[in-house]
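Quick notes on the structure that follows.
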Amino acid sequence: MDQNAIDKAPDAAAAWPDQIYGLLKKHDIRQVALVPDAGHSRLIKRCLADNGMKVVTLTTEEEGVAMLLGTWLGGEKGILLMQSSGVGNVINMLSLSILHRTPMPMLVTMRGDFGEFNPAQVPMGEATQAVLEAMGTLVKRADTPADIEPTVDATIRLAFNTYRPTATLIGQRIIGAKTFGKD
Amino acid sequence: MLASSGKLDRRELTRALLADRGDMLVIAGLGAPAWDITAVGDRAENLPLWGGMGGAAMIGLGLALAQPRRKVLVLTGDGEMLMGIGSLATIAVQRPANLSIVVQDNEHYGETGMQETATKHGVDLVTMAKGAGFKHTLFVTKPEEVPALREAIHAGRGPFFAVAKIDEASKKLVLPPREGAFLQARMREAVLGPEAHHQL
């Protein structure tokens with residue numbers, strides 16, 4: 001990870017990115033749509049290295065919501081990875097999941113959430129859960145490393161078993177806030 | 001196939017493109033393209049959209065990646081394509097050979113009072129698609145060019161992108177089913193068979 005990068009990646013010793021990858025395999029997730037986030041960087045690397053997964057880097061997160069409808073129409077399972085700011089970009093497109101009853105699991109790494117340094121991240125970070133729920137998404141938070149595996153597992157199961165948008169918000173407390181040496 | 005304006009008639013164009021379509025799957029953007037594919041013949045292999053503006057091409061991508069042996073056509077309007085224009089970059093990078101996108105370009109937002117779109121003012125979607133990396137594109141304005149367009153859609157040498165300039169007039173409304181769960185389930189069954197509804 002670039003030490004000058006503005007976002008913070010999980011600690012190299014953290015087990016949870018690999019646990020999420022294991023869950024994607026367990027649930028036979030074949031299409032991974034994403035706008036990169038530092039919090040998901042190790043997971044993204046694992047997915048890119050997996051020939052059984054099609055990783056699609058999006059220009060905006062709403063593309064991923066539309067893509068997940070196509071994924072399900074074609075009989076595969078997909079998931080959308082993004083940062084909390086990206087949730088603001090998907091709001092109207094989530095209509096597709098409600099209208100068509102399409103499973104759409106989302107894993108959101110939070111910014112503007114816990115000890116944020118960048119003021120621009122705070123408005124969308126504060127609104128993330130509210131806007132997802134306003135669009136019918138079932139949202140669960142994971143705020144400790146031990147929460148992540150069971151919460152992500154539940155989020156994926158809930159999407160595919162009950163045909164709706166679901167999300168795990170991975171709290172910034174887990175990933176940490178970058179401070180540019182201004183502690 | 002020409003309207004009185006001298007431009008292509010959208011419904012006749014749709015009919016020509018979908019003739020002898022085999023098991024091709026068709027996603028239609030909201031508004032007139034959805035009415036067009038329904039007028040030509042509503043069927044399980046059609047997904048006419050009622051919303052999700054800007055998402056039609058990406059629905060096509062997810063479907064094309066999941067079913068690489070089946071042809072997938074996204075038929076949409078210029079306003080809908082402009083709203084999701086970044087998806088051309090996303091799709092070009094993925095290079096799905098079985099995906100075609102055809103924009104029926106009437107240079108107007110047809111469902112909201114015929115306001116002009118950017119294509120009315122010179123924005124060239126084919127050039128944008130080429131810039132994104134689409135190697136196979138067509139720009140169609142005449143009936144004699146339509147057979148080549150149909151051939152390209154069915155050839156499986158995608159990703160393929162085309163613009164067909166069409167007459168702006170609205171046609172008779174032919175509404176598809178509005179129940180989205182039904183539209184999704186019937187296409188899944190057409191693709192996967194009855195087991196589509198028993199997936200664990």
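Restricting to the range A:6-46, what's the tally of residues that are within 14 Å of another protein chain (Cβ to nearest Cβ) and either in contact with a helix residue (DSSP H, G or I) (Cβ under 9 Å, 6 or more places away or on another chain) or over 25 Å from A:Gly75 (Cα atoms) (or both)?
10
Just a yes or no: is a residue in the range B:153-165 assigned to a loop (DSSP other than H, G, I, E, B) and among the aromatic types (Phe, Trp, Tyr)?
Checked against the condition, which is being assigned to a loop (DSSP other than H, G, I, E, B) and among the aromatic types (Phe, Trp, Tyr), the range B:153-165 yields no hits at all.
So the check is Cβ under 8 Å with 6+ separation or different chains; which pairs have a first residue in the range A:72-87 that's under 15 Å from A:Ile20 (Cα atoms) and a second one that's modelled with pLDDT under 95 and of a type in the set (D, E, K, R)?
A:Leu81/A:Asp37; A:Met82/A:Asp37
For the list (1) within 14 Å of chain A (Cβ to nearest Cβ); (2) closer than 20 Å to B:Asp105 by Cα; (3) surrounded by fewer than 19 Cβ atoms within 10 Å (Cβ to Cβ), I need the number of the one condition that B:Glu145 fails.
Exception for B:Glu145: condition (1).
Among the residues of the range A:118-135, are any surrounded by fewer than 24 Cβ atoms within 10 Å (Cβ to Cβ) and closer than 20 Å to A:Trp72 by Cα?
Yes.
Which pairs have Cβ atoms under 7 Å, sit 6 or more apart or on different chains, and link a residue in the range A:22-34 that is in contact (Cβ under 8 Å) with a residue 60 or more places away in the chain to one that is among the acidic types (Asp, Glu)?
Correct list of pairs: A:Leu23/A:Glu149; A:Leu23/A:Asp153.
Given the options B:Ile91, B:Ile59, name the one that is in contact (Cβ under 8 Å) with a residue 24 or more places away in the chain, under 24 Å from B:Arg21 (Cα atoms) and at the interface with chain A (Cβ under 8 Å from one of its Cβ atoms).
Just one listed residue meets the conditions, B:Ile59.
List every residue pair whose Cβ atoms lie under 9 Å apart, where the two residues are 6 or more positions apart in sequence or sit on different chains, the first residue falls within the range B:184-200 and is more than 10 Å from A:Gly74 (Cα to Cα), and the second residue, located anywhere, is among the β-branched types (Val, Ile, Thr) and assigned to a helix (DSSP H, G or I).
Partner pairs satisfying both residue conditions: none exist.
The values are calculated or read from the model by the stated rules, or taken from the named source; none is laboratory data. As the structure is a computational prediction, the values presented were derived from the model and not from experiment. With ideal geometry, Cβ positions are generated from the backbone for all residues, glycine too; neighbour counts draw on all protein chains shown.
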